[in-house]
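The structure under discussion appears below in the form of structure tokens.
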Amino acid sequence: MKIEIFANDSEKSLSIKQQLLKKLADRHFTFDSKNPEIVITVGGDGTLLSAFHQYQDQLDHIRFVGVHTGHLGFYTDWREDEIDDLVVSLQSDNRQSVSYPLLDVNVKTRKNGDFYQFLALNESSLRRVGPTMTSDVYIGGDLFERFRGDGLCVATPTGSTGYSKSLGGAVVHPDMPVLQLTEIGSINNRVFRTISSPLIISPNDWVTIRPVDSICDEDFLLTVDSRYYHTTDIAQVTYKVSKKKVNFAKYRHNGFWNRVKDSFIGDENEI
């Protein structure tokens with residue numbers, strides 16, 4: 001089994017990485033940063049997101065394992081004091097995994113009609129830099145509404161616990177390979193009308209956000225997970241459930257609703 005250990009720059013994470021390297025080397029594991037089979041991330045959810053994007057072209061043969069060295073992460077199953085148990089699990093690996101759906105983000109430019117593709121684990125959003133954004137929103141190719149406000153966010157089921165939730169979106173179980181569209185600061189009055197509610201989009205449909213011509217010379221901010229892109233050259237952005245999935249090694253993978261409870265509610269005995 002070929003392993004890569006991907007850690008953030010904190011002193012604690014780097015220390016855990018060195019301990020893992022020694023323990024795994026003592027047990028004759030192979031280390032390969034270019035073509036790993038297991039990527040162990042040490043840090044938090046941000047570290048795992050960085051590792052995901054670094055290896056997004058190899059998702060078909062990579063499984064991720066997360067070790068958290070700070071607050072409990074949504075994607076990280078192991079604590080820093082459990083690395084001996086993790087090493088034992090790696091030794092007895094049976095190649096089982098749990099998979100989560102991903103988001104395809106396709107951007108069409110206005111000037112040349114070029115297409116750029118991105119992949120998101122959590123969410124993507126499109127916003128204006130400065131004034132409000134006016135865009136036509138299409139679902140499955142049909143015009144749904146003309147939106148005016150700060151922007152729009154499209155999230156995966158696992159991403160529904162992040163930015164989308166802060167916008168009033170629902171928490172969606174990842175067994176449902178759907179998209180969730182939520183509004184960011186929509187304007188609703190006698191002139192402008194939007195649905196003003198999060199929308200759950202079927203995996204057979206897609207969402208297209210098309211800025212209206214009158215504002216196309218303005219700056220936009222496109223986010224893909226933690227990555228940001230400033231541009232004036234956007235004709236449209238299309239979102240669809242990806243055919244790719246992210247895989248996590250299933251050693252003692254914590255159930256989704258347990259993760260939600262641990263992240264947002266905690267132990268009721270602590271209240």
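The values are calculated or read from the model by the stated rules, or taken from the named source; none is laboratory data. Keep in mind that what you see is a predicted model, and the values were worked out from it rather than measured. Cβ atoms come from the backbone with ideal geometry, glycine included; neighbour counts cover every protein chain shown.
Just a few scattered comments:
- Scanning the range 3-42 for residues being in contact with a Lys or Arg (Cβ under 9 Å, 6 or more places away or on another chain) and in a strand (DSSP E or B) gives a total of 10.
- Near pairs, Cβ below 8 angstrom, 6+ apart or cross-chain, from the range 229-248 (under 16 Å from Lys111 (Cβ atoms) and without any contact (Cβ under 8 Å) to a residue 60 or more places away in the chain) to any residue that is among the polar types (S, T, N, Q) and part of a strand (DSSP E or B): Tyr229/Thr223
- Residues in the range 130-144 that are within 16 Å of Ala235 (Cβ to Cβ) and either out of contact with any strand residue (DSSP E or B) (no Cβ under 9 Å at 6 or more places or on another chain) or surrounded by 15 or more Cβ atoms within 10 Å (Cβ to Cβ) (or both): 6 in all.
- Scanning the range 63-114 for residues being aliphatic (A, V, I, L, M), surrounded by 15 or more Cβ atoms within 10 Å (Cβ to Cβ) and out of contact with any strand residue (DSSP E or B) (no Cβ under 6 Å at 6 or more places or on another chain) gives a total of 4.
- Filter result for Thr238 (closer than 19 Å to Tyr55 by Cα, buried (at least 17 other Cβ atoms within 10 Å of the Cβ) and among the β-branched types (Val, Ile, Thr)): no
- Filtered residue count, the range 198-220, keeping only those that are at pLDDT 95 or above and not hydroxyl-bearing (Ser, Thr, Tyr): 11
- Residues considered: Gly151, Gly141, Gly169, Gly130. Of these, the only one that is over 20 Å from Leu103 (Cα atoms) and touching a residue at least 24 places away in the same chain (Cβ under 8 Å) is Gly130.
- Lone qualifier among Leu167, Leu152, Leu179 - being over 18 Å from Tyr138 (Cβ atoms), within 21 Å of the chain's Cα centre (by Cα) and at pLDDT 95 or above: Leu167
- Verdict on Phe64 being more than 22 Å from Ile265 (Cβ to Cβ), more than 13 Å from the chain's Cα centre (by Cα), outside the structural domain of Trp257 (by TED's automatic domain parsing) and aromatic (Phe, Trp, Tyr): no
- Scanning the range 165-198 for residues that are farther than 20 Å from Asp104 by Cα and either in contact with a His (Cβ under 7 Å, 6 or more places away or on another chain) or part of a strand (DSSP E or B) (or both) yields Ile184, Gly185, Ser186.
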